[in-house]
Amino acid sequence: MAGPANSQELLAELATRPGHTNLRSTLVRWLLIAISLAFLGALLAAPLFAVFATALEKGWQAYFQSFADPDTQAAIRLTLTTAAVVVPLNTVFGITAAWCIAKFEFRGKSFLITLIDLPLAVSPVVSGLIYVLLFGLNGWFGAWLQDHEISIVYALPGIILATMFVTFPYVARELIPLMQQLGNDEEEAAITLGAGGWLTFFRVTLPRIRWGLVYGVILCNARAMGEFGAVSVVSGNIRGMTTTMPLHIEILYNEYNFVGAFAVASLLSMLAVVTLVIKTLVERSGYRRR
Amino acid sequence: MNATVRTPSILPGFGLTLGFSTFFLCAIVLLPLSALVLKTAGMDFSRFIDVITSPRALASYRLSFGASLVAASVNVVFGFVLAWTLVRYDFPGRKFIDAIIDMPFALPTAVSGIALTTVFAANGWIGQYLEPLGIKVAYTWIGITVALTLIGMPFVVRTVQPAIAEVQRDLEDAAETLGAGRFYVFRRIIVPTVLPALLTGFTLAFARAVGEYGSVIFISGNMPMKTEITPLLIVIRLEEFDYAGAAALGVVMLAISFVMLLAINLLQVWGRRRMMVRR
């Protein structure tokens, strides 16, 4: 094999070898990076900045004033109440579902997993609709509920149920693959050594799944506080009574109260940012999604 | 009897956890969903067909499917570029970009809806440059597509990223040493490895987009027959107290969800099998 005759030819040959950067590959690299940044800039960064820019359009005073509105405060309270009920319930469900699916072999397991994932595939509007059909005036339980003066649809219980449906799979989906991968050995050792079921769970299982649990819970919480479609269908939009923060944004926006609408939106955007920060920190701690 | 249902284990809590999860699942998910199906089953069949094939419903399917299809396709192209950039290149701010990809998951849809409308309106930051070119985004099907692209983006990027990381660099290098050009390597090595992930990402983004409501209704203008998506039509039927009409359209949406779910599962099985053969 004839080698390169002089250093110039050697350099030219090196440039054609794989892994070597030349002018063209550098150009392609920066072009692709530029396309990525432009795409994210137009689709993600610009709208996010627009939220804060519009909220502060008339200055800080107008911004803070919009939170003095009692209806806005009621919306914030309602959103916090809903999340405070929904997130713990779905967390307990997620842990129990993950325990029985990951720790035991039984018939119909994959069917159960499919059913748990189902709400993710259903349109938010349909998620709200089903509760209206069930508990609304013409629904299955409508007449009975009216006789007993219980209101579910167009009231807090309906909002909670619809939110629960939408955020149902989040914790379970995070924990099932994690617990399946961790295996049963340590739990079996604990039981063999005489620990009870609860002690085993709190002292052996929980410490090992804690990051996956945090991950699932914060995503569940973000979705619970931000859900729009499902809640909009069941809430009836009674201002100051059954409007959560996202619904209140819609009302203010349709009234052309842009500072008010975007001020509430800025709170939810900050929630999204905090969620992403926690998520990134969890990933830094070594947790990897499966 | 019990042993035939499940493999024995010394771990406790099977009955308790299975019982609780099944009960919760039935109460929150299965019972309400069956209410929807039974409500529609109680409907006169010809009336059901009339409702779901009314011109307004057909126009809404066309829009929902068309815009979702375009949005998912745009996401396949840009999602691939994004995933490629994040896996293969190192540049300042890469970790930050990687973290904000998930923003559409965490950002409430109502917020992205009003924010996109503001940016793409005729006097918005981006809209003002598109308007002179004759491109109206807000209150047209293009705006709907933009909103659906935003919410579908992380699905494609997050599915394709691990697949690109799987592409064997030494195979690429070997091909280049043997004289293959970059495009040939891309077509014959990279695309076949990433294809199942791209298709799965496409289907996930499409499935999410078809049902999306919150981010669309602000930017769409909601003109009947023109910019009215199917979920919005369901809401309008409900506001008219036409429960049966809403339920019929809801069943159509639910059927679409099931088909999508099936497609996603089949794609994942296919992708896994391809991976197995390659190893």
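The values are calculated or read from the model by the stated rules, or taken from the named source; none is laboratory data. Every value quoted in this text rests on a predicted model; they were computed, and no experiment measured them. Here the Cβ is made from the backbone with ideal geometry for all residues, glycine too, and neighbour counts use every protein chain on show.
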Q. Restricting attention to segment B:66-84, which residues are surrounded by fewer than 24 Cβ atoms within 10 Å (Cβ to Cβ) and of a type in the set (S, T, Y)?
A. B:S73
(Q) Quick check on A:M225: is it more than 13 Å from chain B (Cβ to nearest Cβ) and in contact with a helix residue (DSSP H, G or I) (Cβ under 8 Å, 6 or more places away or on another chain)? (A) no
Q) Within the bounds of segment B:61-76, is there any residue that is farther than 30 Å from A:S36 by Cα, more than 9 Å from chain A (Cβ to nearest Cβ) and not charged (D, E, K, R)? A) yes
Q) Within the set of pairs 6 or more residues apart or between chains, which connect a residue that is farther than 12 Å from A:P119 by Cα and within 7 Å of another protein chain (Cβ to nearest Cβ) inside segment B:12-34 to a residue that is buried (at least 19 other Cβ atoms within 10 Å of the Cβ) and polar (S, T, N, Q) with Cβ atoms less than 7 Å apart? A) B:T17/A:T96; B:F20/A:T96; B:S21/A:T96
Q.
Consider segment B:207-264. How many of its residues are at negative phi, of a type outside the set (S, T, N, Q) and not in a helix (DSSP H, G or I)?
A. 9
Q. Quick one: how many residues across segment A:254-277 are more than 10 Å from chain B (Cβ to nearest Cβ) and part of a helix (DSSP H, G or I)?
A. 4
Q: All but one of (1) away from chain B (no Cβ under 11 Å); (2) within 30 Å of B:E239 (Cβ to Cβ); (3) in contact with a helix residue (DSSP H, G or I) (Cβ under 9 Å, 6 or more places away or on another chain); (4) assigned to a loop (DSSP other than H, G, I, E, B) hold for A:N237, so report the exception by its number.
A: (1)
Q.
Let me confirm something: among A:A45, A:A98, A:A75, A:A55, which residue is hydrophobic (A, V, I, L, M, F, W, C), within 22 Å of A:L178 (Cβ to Cβ) and within 14 Å of chain B (Cβ to nearest Cβ)?
A. A:A98
Q: Looking at (1) within 7 Å of chain B (Cβ to nearest Cβ); (2) not in a helix (DSSP H, G or I), find the lone condition where A:V126 falls short.
A: (2)
Q: Please verify whether segment B:104-126 includes one or more residues that are assigned to a helix (DSSP H, G or I), touching a residue at least 24 places away in the same chain (Cβ under 8 Å) and surrounded by fewer than 21 Cβ atoms within 10 Å (Cβ to Cβ).
A: yes
Q: Report, by residue number, each residue of segment A:129-144 that is buried (at least 16 other Cβ atoms within 10 Å of the Cβ) and either touching a Phe, Trp or Tyr at 6+ places or on another chain (Cβ under 6 Å) or within 9 Å of chain B (Cβ to nearest Cβ) (or both).
A: A:L129, A:I130, A:Y131, A:V132, A:L133, A:L134, A:F135, A:G136, A:G139, A:W140
Q.
Given the condition within 12 Å of chain A (Cβ to nearest Cβ), small (G, A, S), part of a helix (DSSP H, G or I) and out of contact with any Phe, Trp or Tyr (no Cβ under 9 Å at 6 or more places or on another chain), answer yes or no: does some residue in segment B:182-199 qualify?
A. no
Q) Quick one: which of B:F65, B:F91 is modelled with pLDDT under 95 and closer than 20 Å to B:M223 by Cα? A) B:F65
(Q) Can you go through A:W211, A:W198 and tell me which one is modelled with pLDDT of 90 or more and either more than 10 Å from chain B (Cβ to nearest Cβ) or in contact with a Ser or Thr (Cβ under 7 Å, 6 or more places away or on another chain) (or both)? (A) A:W211
